[in-house]
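S.K.: Next up is a structure, given as structure tokens.
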Amino acid sequence: MKLGIMQPYFAPYLGYFDLIRRCDQWVVFDTAQYIRHGWVNRNRVLHPTTDWQYLIVPLQKHSRETPIKDIKVIAGSEWRSRILGQLQHYRGKAPHYQPVVDMVSRVMAANTASLTQLNVLFLQHCCERLGLRFNFQVFSAMNLPLPEITDPGHWALEISSALKASEYLNPPGGKDLFKPDDFRARGIKLTIQEPHPFTYSTPGYRFQPDLSVIDVMMWNSPAEITAHLDQASDQP
């Protein structure tokens, strides 16, 4: 069984979905401390006149040590409408504007105060549109019997071991956390999955790499996106 473990990012870039596609099981790691200015409550799309802009989910006040699972979004619809408004400039330019903005609207309409739930719902909708299997569990609800963990790199090791994974996949950003010998000793293959860039046409704009999957889906059909992921899967 191939396992992926990632924090629940908001509307992440396509590489996140490439990782989901390669995994048999996914763990939403929601007990990590929320870090400001990260990707858990924001991402980037094209700006109508300059390079790019942030889409930001505003949060209720919380202490610095609060885990992601306890982070709450601001109540009300104003910020949800603002995010949808930031996508209006794609209308009439991006060929898949309407189905994508309809999908984002469904996510924004979710009656939840939980940032984790909002982000997971977004992942579910994106995977459904792209035809990707998303077999996930939320870590805080799993109650796995893990030993005390003091080394950040051991979370993935112990979770993989508890779930009897044969392979653990991670993007290169966390590579330095892991000790391959520790995984090997448990009979688990450690794979650092390099992203495969996707360049596509954005008429009227200057192409910006690694934007939110929202931008990718605005300009590319699900078939075009999955064809790229298929091609990436054939590469090491």
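S.K.: Which of (1) within 18 Å of the chain's Cα centre (by Cα); (2) on the phi < 0 side of the Ramachandran plot; (3) surrounded by fewer than 18 Cβ atoms within 10 Å (Cβ to Cβ) does Gly131 not meet, given it meets every other one?
M.R.: Looking at each condition in turn, Gly131 falls short on (2).
S.K.: What number of residues in the range 42-66 are charged (D, E, K, R) and surrounded by fewer than 16 Cβ atoms within 10 Å (Cβ to Cβ)?
M.R.: The number of residues fulfilling the criteria is 4.
S.K.: Just give me the residues in the range 88-101 being over 21 Å from Tyr16 (Cα atoms) and either among the polar types (S, T, N, Q) or within 19 Å of the chain's Cα centre (by Cα) (or both), in sequence order.
M.R.: Matches in the range 88-101: Gln88, Gln98.
S.K.: In the set Leu123, Leu211, which member is assigned to a loop (DSSP other than H, G, I, E, B), closer than 30 Å to Lys61 by Cα, among the hydrophobic types (A, V, I, L, M, F, W, C) and within 15 Å of the chain's Cα centre (by Cα)?
M.R.: Only one candidate qualifies: Leu211.
S.K.: When the range 65-96 is examined, which residues are found to be under 22 Å from Met217 (Cα atoms), touching a residue at least 12 places away in the same chain (Cβ under 8 Å) and touching a Phe, Trp or Tyr at 6+ places or on another chain (Cβ under 6 Å)?
M.R.: Answer for the range 65-96, where residues must be under 22 Å from Met217 (Cα atoms), touching a residue at least 12 places away in the same chain (Cβ under 8 Å) and touching a Phe, Trp or Tyr at 6+ places or on another chain (Cβ under 6 Å): Tyr90, Ala94.
S.K.: What are the residues in the range 97-111 that are in contact (Cβ under 8 Å) with a residue 24 or more places away in the chain, surrounded by fewer than 18 Cβ atoms within 10 Å (Cβ to Cβ) and not aliphatic (A, V, I, L, M), if any?
M.R.: Matches in the range 97-111: Pro99 only.
S.K.: So, one more: So how many residues does the range 173-229 have that are within 18 Å of Arg91 (Cα to Cα) and β-branched (Val, Ile, Thr)?
M.R.: The total comes to 4.
S.K.: Here's a follow-up. I'd like to check something: does the range 176-199 contain any residue that is among the β-branched types (Val, Ile, Thr) and buried (at least 19 other Cβ atoms within 10 Å of the Cβ)?
M.R.: So far as the range 176-199 goes, yes, one or more of its residues are among the β-branched types (Val, Ile, Thr) and buried (at least 19 other Cβ atoms within 10 Å of the Cβ).
S.K.: For the range 1-94, list the strands (runs of 3 or more DSSP E) that sit wholly inside it and hold at least 3 residues that are at pLDDT 95 or above and not β-branched (Val, Ile, Thr); which are they?
M.R.: 2-6, 42-46, 52-56
S.K.: Would you point out which residue out of Leu177, Leu163, Leu157 is touching a residue at least 40 places away in the same chain (Cβ under 8 Å) and among the aliphatic types (A, V, I, L, M)? Step through it out loud before you land on a result.
M.R.: Details: Leu177 fails: touching a residue at least 40 places away in the same chain (Cβ under 8 Å); Leu157 fails: touching a residue at least 40 places away in the same chain (Cβ under 8 Å).
One residue alone meets the criteria, Leu163.
S.K.: If a residue must be in contact (Cβ under 8 Å) with a residue 60 or more places away in the chain and farther than 23 Å from Thr226 by Cα, how many such residues does the range 35-62 contain?
M.R.: Going through the range 35-62 one residue at a time, the tally reaches 6.
The values are calculated or read from the model by the stated rules, or taken from the named source; none is laboratory data. This structure is a prediction, so every number in the text was calculated from the model and none was measured. Cβ sites come from the backbone with ideal geometry, for glycine too, and all protein chains shown count toward neighbours.
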